[in-house]
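Below is one structure, written out as structure tokens, with a few remarks after it.
Quick note: the coordinates plus some simple rules give every number you see, no bench work behind them. Note that the structure is a prediction, hence the values are computed from the model and not measured. Glycine also receives a Cβ, built like all others from the backbone with ideal geometry; neighbour counts cover every protein chain displayed.
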Protein chains: 2
Amino acid sequence: MSLLVVGSIALDSVQTPFGAEKDILGGSATHFAFSASSFCKVRLVGLIGKDFPDEYRKLIAEKDIDTAGLQEVDGNTFKWDGRYQGKMGEAETLDVQLNVLQDFEPEVPDSFLDSEYVFLANYSPERQMAVLDKMKNPKFVIADTMNLWIDIAKDGLLQLLKKIDGLILNDGESSLLTGETNTIRAGRLIQEMGPKYVIIKKGEHGSILFSPDDIFLLPAYPTEEVKDPTGAGDSFAGGVMGYIAKNGGANQESLRKALMSGTIMASFNIEGFGVNRIKETTADEIESRLKSFEKLITP
Amino acid sequence: MSLLVVGSIALDSVQTPFGAEKDILGGSATHFAFSASSFCKVRLVGLIGKDFPDEYRKLIAEKDIDTAGLQEVDGNTFKWDGRYQGKMGEAETLDVQLNVLQDFEPEVPDSFLDSEYVFLANYSPERQMAVLDKMKNPKFVIADTMNLWIDIAKDGLLQLLKKIDGLILNDGESSLLTGETNTIRAGRLIQEMGPKYVIIKKGEHGSILFSPDDIFLLPAYPTEEVKDPTGAGDSFAGGVMGYIAKNGGANQESLRKALMSGTIMASFNIEGFGVNRIKETTADEIESRLKSFEKLITP
């Protein structure tokens, strides 16, 4: 199997009630890749600048990640500066410097164009579509999105929705996209816009999978030590797609297991700043946490 | 088995995006009793005023509810006037008239003092304790509470917690009681205050059961037609206690099934204003919804 992710690579500065870190390795594609690489080799496509630290290149190289699509261009790496307070449910963005993301577009290397499984991390729908158009014969494509694109690029997003197998978004975004505050109705409305599968993330409250004839309700893993929620959604997506790629494809049964896998990977991610915790996660740890999670949710 | 509830009986005026109703039958004990009476006979204790409509007496009498503890006293029935907006997650109280609740205390009839299962609906901890002290030999006692009592009667509440088997409260209340924003840690801290079991309700996000060596995470039933959330928590408690009373006692296994039962009863409750929907719920409907719910949550 072959799993591709296209998205951002960032230097994050993060403040939470449990500490503060400056210019740590982050970005949607990074968090996705660190998570999914616990299941299979991941093809990573993203832009970095001249300032990207060598030690972060090494961190990435230590995982099962193909870095042929890690493209260094003139300028500085994308920077995000954010803060979490209280229950840490939502990030407050303090500063964003697009840097190389403003001036360049990431190129998918020819050797990646045959990827079977594709994750289009949060990006403009136009760029997501441009990547998708290049792919030769993808088997299963999931995209992420955010409020910004629903606000300023809804037409492009609606076109993208007709081309992908699944959309992953949070409950606030699902309401914004559909105008529907009831999450169950919102998920069904998004399915009518195109994607066969819709996964709505609810942070500490879990996630919901909408399949053609089925809904699956999954709580979050009961994490007591949340240090930094940054990248939880992308680690979740990484666990979902990693599981699907490793286990030979998506259907409503395998996606239930994939959602559990995503939940567990997100739970590791938030136990440390940036990729500190998830980079050390072992297969045994994942298996063990999956088993205990299953006990916590089985009636 | 014998199941007792002591709590409020109210005339509610409710506005939601789906309509408005004036002076409909409500109150914590009412919603609990209508829910639990689908499982076993319920002994209802609560105060009503001279203005309590005969048709509401008839409504109550149509269910499997023993009304020997329905006490009419001088004055008007407790009135609550509230509104839900948007996602209807929280009620906005527009007016409260305590009326008979201010001047009288409900008496538990002698014939109810041998009740095995007891639900102390939301009331002042002092009054909850007074009721509990009178009971002869209760097997399993659960209490509800609210922010108000945590704010103004915390000492009394802490004393009560040492005497009961379970506390049921929502996630905001669990944070207020413990000073802990992480719901999992909050639940464990409340267990340390006394009750063997803690059930934290999260509205549309489900509930969490804390047992001595176990946690059970349960999503909410995916209701698409929420007309009036009033009484959802008490219907939930009614389904929990009704299941426990009918099935011979509480342990961490039976409580998992009881939580599912509570979830289903709450889902019926919110599909209509007041008790309109839940009063018509049949055993077949409950069984059928429980089965489909189990499919939606089983990994």
If you plug each phi of the range B:91-96 into the Karplus form 6.51 cos²θ - 1.76 cosθ + 1.60 with θ = phi - 60°, what whole-Hz ³J(HN,Hα) values come out, in order, with x for Gly and Pro?
-> 7, 9, 7, 9, 7, 10
Tell me the distances, shortest first, between residue B:50 and the same position across the other copies, using label points 7 Å along Cα→Cβ, in nm to one decimal.
-> 9.0
Residue-averaged 222 nm ellipticity for chain B, from DSSP H runs of 4+ at -39500 (n - 2.57), nearest 500 = -11000 deg cm²/dmol
Spin-label point model (7 Å from Cα, Cβ direction): what's the residue B:126 to residue B:192 distance in nm?
-> 2.9 nm
What spacing in nm lies between the two simple spin-label points modelled at residue B:147 and residue A:107, each 7 Å away from Cα in the Cβ direction?
-> 5.7 nm
Considering the rotational relationship between chains A and B, which residue of chain A contributes the beta-carbon of minimal distance to the axis, and what is that distance to the nearest Å?
-> A:205, 2
With N set to the residue count of the protein assembly as shown, report its C-alpha Rg divided by 2.2 N^0.38 Å to two decimal places.
-> 1.05
In the range B:30-50, which residues have a backbone nitrogen under 18 Å from the label point lying 7 Å from residue B:134's Cα in the Cα-to-Cβ direction?
-> B:30, B:42-49
Looking at the range A:3-297, what % of the alpha carbon pairs are farther apart than 26 Å?
-> 38 percent
For the pair residue B:114 and residue B:85, how long in nm is the line joining their label points, each one 7 Å along Cα→Cβ?
-> 5.3 nm
Output, in nm with one decimal and in ascending order, the distances from the residue A:93 label point to the matching label points of the other copies (7 Å from Cα along Cα-to-Cβ).
-> 4.0
For chain A, list the DSSP H helices whose alpha carbon atoms reach 20 Å or more along the long axis and whose average Kyte-Doolittle value is -1.0 or above?
-> A:232-246, A:252-269, A:283-297
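As an exercise, use a Förster radius of 60 Å and the Cβ-Cβ distance of residue A:55 and residue A:251 to find the FRET efficiency, rounded to the nearest 0.05.
Details: r = 41 Å, r/R0 = 0.68.
E between residue A:55 and residue A:251, to the nearest 0.05, is 0.90.
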Using the alpha-carbon centroid of each, what span in Å lies between the range A:112-149 and the range B:64-100?
-> 53 Å
Which distances in nm, rounded to one decimal and ordered from shortest, link the label point of residue B:148 to the equivalent label points in the other identical copies, with labels set 7 Å from Cα toward Cβ?
-> 4.6
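Step through the table entries B:136/B:257; B:50/B:87; A:41/A:162; B:63/B:154; A:162/A:201; A:22/A:58, compare each Cα-Cα distance with 25 Å, and write down the pairs that go over it.
Details: B:136/B:257 28 Å; B:50/B:87 36 Å; A:41/A:162 28 Å; B:63/B:154 36 Å; A:162/A:201 21 Å; A:22/A:58 18 Å.
In this structure, B:136/B:257; B:50/B:87; A:41/A:162; B:63/B:154 exceed 25 Å between Cα atoms.
List the GluC sites (Glu not before Pro) within the range B:97-182 that DSSP assigns to loop and that have no more than 14 neighbouring Cβ atoms inside 10 Å.
Values: sites: B:107, B:116, B:126, B:173, B:180; in loops: B:107, B:116, B:180.
Here the sparse-neighbourhood loop sites are B:107.
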Hey, how many Å between the Cα centroid of the range A:157-219 and the Cα centroid of the range B:195-270?
-> 26 Å
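At 0.36 nm per residue, and after removing the present C-alpha to C-alpha distance, how many nm does the segment from residue B:95 to residue B:62 gain when stretched out fully?
Values: separation 33, 0.36 × 33 = 11.88 nm, distance 2.99 nm.
Residue separation times 0.36 nm, minus the Cα-Cα distance, leaves 8.9 nm.
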